[in-house]
1. Evaluate the following for GLY129: is it on the phi > 0 side of the Ramachandran plot and in contact with a Pro (Cβ under 8 Å, 6 or more places away or on another chain)?
2. Only residues in region 166-191 that are within 15 Å of LEU207 (Cα to Cα) count as the first member; pair them with residues that are of a type in the set (Val, Ile, Thr) and surrounded by fewer than 16 Cβ atoms within 10 Å (Cβ to Cβ), Cβ under 9 angstrom, at least 6 apart or cross-chain, and list the lot.
3. Taking the residues in region 180-194 that are at pLDDT 95 or above and open to solvent by 30 Å² or more (accessible area, probe 1.4 Å) as candidates, determine which candidate is nearest to GLY135 (Cα to Cα).
4. Please go through region 144-174 and give me each residue that is open to solvent by 10 Å² or more (accessible area, probe 1.4 Å), farther than 28 Å from ALA122 by Cα and part of a strand (DSSP E or B), ordered by number.
5. Hey, ARG78 hits all of (1) touching a residue at least 60 places away in the same chain (Cβ under 8 Å); (2) buried (at least 20 other Cβ atoms within 10 Å of the Cβ); (3) more than 19 Å from the chain's Cα centre (by Cα) but one; which does it fall short on?
6. Those residues that are closer than 30 Å to ALA184 by Cα and within 18 Å of the chain's Cα centre (by Cα), I need them from region 251-276; list them, please.
7. Where residues in region 102-132 are more than 13 Å from GLY161 (Cα to Cα) and aromatic (Phe, Trp, Tyr), which of them is surrounded by the fewest Cβ atoms within 10 Å (Cβ to Cβ)?
8. Out of curiosity, is LEU61 within 26 Å of PRO183 (Cα to Cα), of a type outside the set (Ser, Thr, Tyr) and outside any strand (DSSP E or B)?
Amino acid sequence: MYTTSPAAASLTASLSEPEPAGWVGELSLDFTLRDGRTLLSGRRHRGPFTVQRPFYPEDDLPHVYLLHPPGGVVGGDRLQLNVTLGAGSRALLTMPGATKFYRSAGAQAPLNQHFTLGADSALEWLPQGNIFFPGAMVKMQTDFYLAPGARLIGFETLCFGRPVMAERFSEGELDAQLRIGLPASAGLIERLRVTGPVLDKLGGYSLSATLFAAPANEAMLALTQAHIAAAEVAAAGATLLDELLVVRALEEDNQRLQGMLHRIWSALRPGIMGRDAVAPRIWST
């Protein structure tokens, strides 16, 4: 059970650590509810990790596009994202493209993401995914901390190599950890370690996705299972951990996988967020 987030402490620690070779990209975003509308009230960045001006296709709810370095990430580079939603605020975060991790000469490329959701806030975390090129050495840590009344829908996609080009993850390593702290239950803590070329933990598939949503119920689980069955992805399943709905999927076709994730998000949004789905415009380009 989590009541506070270590995001601020993590950012302070990252600034005090010795600088390895490579660049540092840090981005901190604060959202505040004012007069019935959520505003991006705080924005601090360092290096080539920034954010576009928010869009308001839903009037009161900002759609925010995070901009990762266009040249990709290599060993020794570091990315740090801290997102804080104040009480009652709500935001949808996405990216215009996948984050690419390239071959490393030996150093890791850490990606740390911390999300703190205040009381009665709502976050939709809908990134385009992560691509790990052969030889990439990556350590990912993603944490969500939900205060009472907070709501969350999100997903993460991991792509090993480039299956559309028949390029396999012949070497390299990913160490990924995901933590979702709920106010009244243990939530989720899981870790995935993959070392190329062995993808046995993924059943040999190049693509892995995790979708998570809270608070959810049995009806939402059944709805999600119906969408999974209709999608006909290679392997997928859903489970309900107290009020946390978790979907895991494996595929070789990224378009089919992303399509399923988007449809599940669209189906769950009315029940969890209290509004119909309004897709980020970048999904249509």
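The values are calculated or read from the model by the stated rules, or taken from the named source; none is laboratory data. Just so we're clear, the structure is a prediction, and the values are computed from it rather than from any experiment. Counting neighbours? That spans all protein chains shown, and the Cβs are built from the backbone with ideal geometry, glycine included. Keep in mind that these areas ignore ligands, DNA and RNA; they rest on the heavy atoms of the full protein, side chains included. Shrake-Rupley method; radii C 1.70, N 1.55, O 1.52, S 1.80 Å.
1. So GLY129 fails the test.
2. Note: pairs meeting the criteria are GLU173/THR195; LEU174/THR195.
3. Restricting to residues being at pLDDT 95 or above and open to solvent by 30 Å² or more (accessible area, probe 1.4 Å), the top hit is ARG193.
4. Passing the criteria: ARG162, GLU167, GLU173.
5. So ARG78 meets the others, but not (3).
6. MET260, LEU261, HIS262, ARG263, ILE264, TRP265, SER266, LEU268, ARG269, ILE272, MET273
7. Taking the candidates together, the pick is TRP125.
8. Numbers: within 26 Å of PRO183 (Cα to Cα): yes; of a type outside the set (Ser, Thr, Tyr): yes; outside any strand (DSSP E or B): yes.
Against the criterion (within 26 Å of PRO183 (Cα to Cα), of a type outside the set (Ser, Thr, Tyr) and outside any strand (DSSP E or B)), LEU61 qualifies.
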